[in-house]
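Working notes, beginning with the structure itself.
The values are calculated or read from the model by the stated rules, or taken from the named source; none is laboratory data. What you see is a predicted model; the values in this text were computed from it and never measured. Ideal geometry is used to build each Cβ from the backbone, glycine not excepted, and the neighbour counts take in all protein chains shown.
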Ligand code: AMP
């Protein structure tokens, strides 16, 4: 039976007691509205550790749009049930004030000294389009690691740039072993996301265009295309007949993050895309140089017929 804790201090005691027994602890930080993508992280953490703890906290520090924060789906009771079913030992949540006791000013804002620097991987793409986002991510992740002090922490490749920010943070400040898990997709190829809940049925169908653009870039890569500019153009062309509004569609060298897209031919590549479907902003990415893990029925034929 899962232990449910509403106060980070109690969670901290639970984790200290667990670690004191000499057993390992896997940790999965989330913002709730859980889906199979989150649960895949939990299951992997369960396989690789003696216990799993999960945090559910819609972190206001990482939202650069107030409306996005307000609309973000929340259902803690449903989350706890799903986590229990997936073998989670403990789930905790809290408020900004309980995560940062004594570190909020009179306006409820986090004081300067409590923030953490997200480092170089925060530059470019998500970091440029969502000012302050990765600073908020680095700050809460560092605090969550302080609370849980886990053996390993699990993150999804779905938030590619975030995994770079977290790895960099741990390199600088210390922390658990970071494990990055593959992106879980719906049968259509659409990456599972809490924000998918905010899409209408039509918009959900339209949203597959993000994955289709990544697959198109991958098809070109397979045919020998290595130019970042050409790969990006191919991704953009996928959106031509779509109502989705592209924010970026670019490639990067996965071994060497750069703020701007590289201009030279690449030996390895990850394609990254962000687009708005109606009011909902979605992101996705795909390694172009690695074997593909097919969703149950990916839109392969649609990609082919578009050419
Ligand atoms: P979030 O609740 O959106 O902050 O996500 C919590 C964790 O789950 C992050 O490490 C995400 O990258 C990961 N995650 C979200 N969606 C997926 C997915 N479709 N596949 C794998 N991991 C995911």
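Of the residues that make up region 51-61, is at least one more than 13 Å from the chain's Cα centre (by Cα) and over 27 Å from residue 118 (Cβ atoms)?
yes
So, in region 254-284, exactly how many residues are assigned to a strand (DSSP E or B), without any contact (Cβ under 8 Å) to a residue 60 or more places away in the chain and either buried (at least 18 other Cβ atoms within 10 Å of the Cβ) or in contact with a strand residue (DSSP E or B) (Cβ under 8 Å, 6 or more places away or on another chain) (or both)?
2
Quick one: how many residues across region 192-217 are outside any loop (DSSP other than H, G, I, E, B) and more than 15 Å from the ligand (Cβ to nearest atom)?
The qualifying residues number 11.
Do the conditions hold for residue 20, that is, is it farther than 27 Å from residue 190 by Cβ and either modelled with pLDDT under 95 or more than 13 Å from the ligand (Cβ to nearest atom) (or both)?
Numbers: farther than 27 Å from residue 190 by Cβ: yes; either modelled with pLDDT under 95 or more than 13 Å from the ligand (Cβ to nearest atom) (or both): yes.
Taking the combined requirement at face value, the residue satisfies it.
In the set 28, 80, which member is within 9 Å of the ligand (Cβ to nearest atom), over 19 Å from residue 196 (Cα atoms) and touching a residue at least 60 places away in the same chain (Cβ under 8 Å)?
28
Could you please give the count of residues in region 144-169 that are in a helix (DSSP H, G or I) and either modelled with pLDDT under 95 or closer than 24 Å to residue 21 by Cβ (or both)?
Within region 144-169, residues that are in a helix (DSSP H, G or I) and either modelled with pLDDT under 95 or closer than 24 Å to residue 21 by Cβ (or both) number 5.
Could you please let me know if residue 189 is buried (at least 20 other Cβ atoms within 10 Å of the Cβ), at positive phi and within 13 Å of the ligand (Cβ to nearest atom)?
Yes; evaluated as a whole, the condition is true for this residue.
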